[in-house]
1. What are the aspartates and glutamates whose alpha-carbon lies under 15 Å from the alpha-carbon of Lys2, with same-chain residues fewer than 8 places away excluded?
2. In the structure shown, do any of Lys139/Lys212; Lys77/Lys155; Lys155/Lys187 have a Cα-Cα gap over 23 Å, and if so which?
3. So how compact is the range 36-115: Cα radius of gyration and Dmax in angstrom?
4. Would you grab the residues whose amide H sits under 5 Å from the one on Val131? Only those 5+ places off in sequence or on another chain, please, with H modelled 1.01 Å from N.
5. What trypsin sites (Lys or Arg not before Pro) does the range 116-200 have in DSSP loop regions with at most 14 other beta carbons within 10 Å?
6. In vacuum, with every alpha carbon of the range 95-171 counted as one equal point scatterer, what does the Debye formula give for log10 I(q)/I(0) at q = 0.23 Å⁻¹? Two decimals, please.
7. Which net charge results for the neighbourhood of Ser122, defined as the other residues with beta-carbon distances under 13 angstrom from its beta-carbon, given Lys and Arg at +1 and Asp and Glu at -1?
8. List the relative contact order of the chain as a percent without decimals, with contacts defined as Cα pairs under 8 Å and 6+ residues apart.
Amino acid sequence: MKAPTASLDPIVDWYVNNYRSTYFPSSCGPSHSTLLSKPSDKEKAEELLNDPHMWALKSWMKATVYLPLMADVIKIKPWLSVSRFKDFEDLYAWVYSWMKRPYVGQLYIYDVALRLAMLDSSGSLMPSKYVYLHARPMKGYKELFNRGYFTYPVKGQEAVIPRTAFDPPFAKLKAYEIEDLLCYIAKSLDRIASKKTATKEPHASLDLLVAKI
């Protein structure tokens, strides 16, 4: 296995300093107050499903996928059921049971489950035991694995990795923050590969750090 060329500590510190305090709701959607303040079930459902990962569903698959999903959410009213779950895994399995259908991917399901977890003010429903990897976070993980920073093997495009598989400096981060940071790292690697590094902060600083690993 390739040996790491630089410490990841500065990158983790970059995330803590720039994004930890603003993770909610900027990274994955509406806040607790925004969703629950909507006057109708239809508006609540729209807010819950309003996600950048579902752009295709609102365009060329609107009639066949998005609108039926919206109808199911209005019927289920998932924001009323959050208190019945013991942890994120329990909540995620339930969300998966009514969201999964053709063209609805794991990343979108994860983001919706994460938004519902935010409705629990205690924070006990947020991911803590496992890190859920899809799309860019998975790409970020594989890139770091190939460079010798991780040892837990993954296959395919999706994986659920035990939180304990992440050594320091990731001990500073919560499970869902690790997923978020891996997404930023993947985006930075894409910019570096295309020779279009960021010129504005805080991403310019991240690109300088990622270029060293």
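1. Glu143
2. Numbers: Lys139/Lys212 18 Å; Lys77/Lys155 35 Å; Lys155/Lys187 20 Å.
Exceeds cut-off: Lys77/Lys155.
3. Over the range 36-115's Cα set, Rg and Dmax evaluate to 12.1, 37 Å.
4. Excluding prolines and chain starts, which carry no amide H, the hits are Ile161, Arg163.
5. Lys129, Lys155, Lys195, Lys196, Lys200
6. Relative scattering, expressed as log10 I(q)/I(0), comes to -1.15.
7. Net of charged neighbours comes to -1.
8. Result for the chain is 25 percent.
The values are calculated or read from the model by the stated rules, or taken from the named source; none is laboratory data. What you see is a predicted model, and the numbers here were worked out from it, not measured in a lab. Quick reminder, even Gly has a Cβ in these numbers, built from the backbone with ideal geometry, and neighbours come from all protein chains shown. Quick note on the areas: whole protein, heavy atoms, side chains included, nothing else; ligands and nucleic acids left out. Shrake-Rupley method; radii C 1.70, N 1.55, O 1.52, S 1.80 Å.
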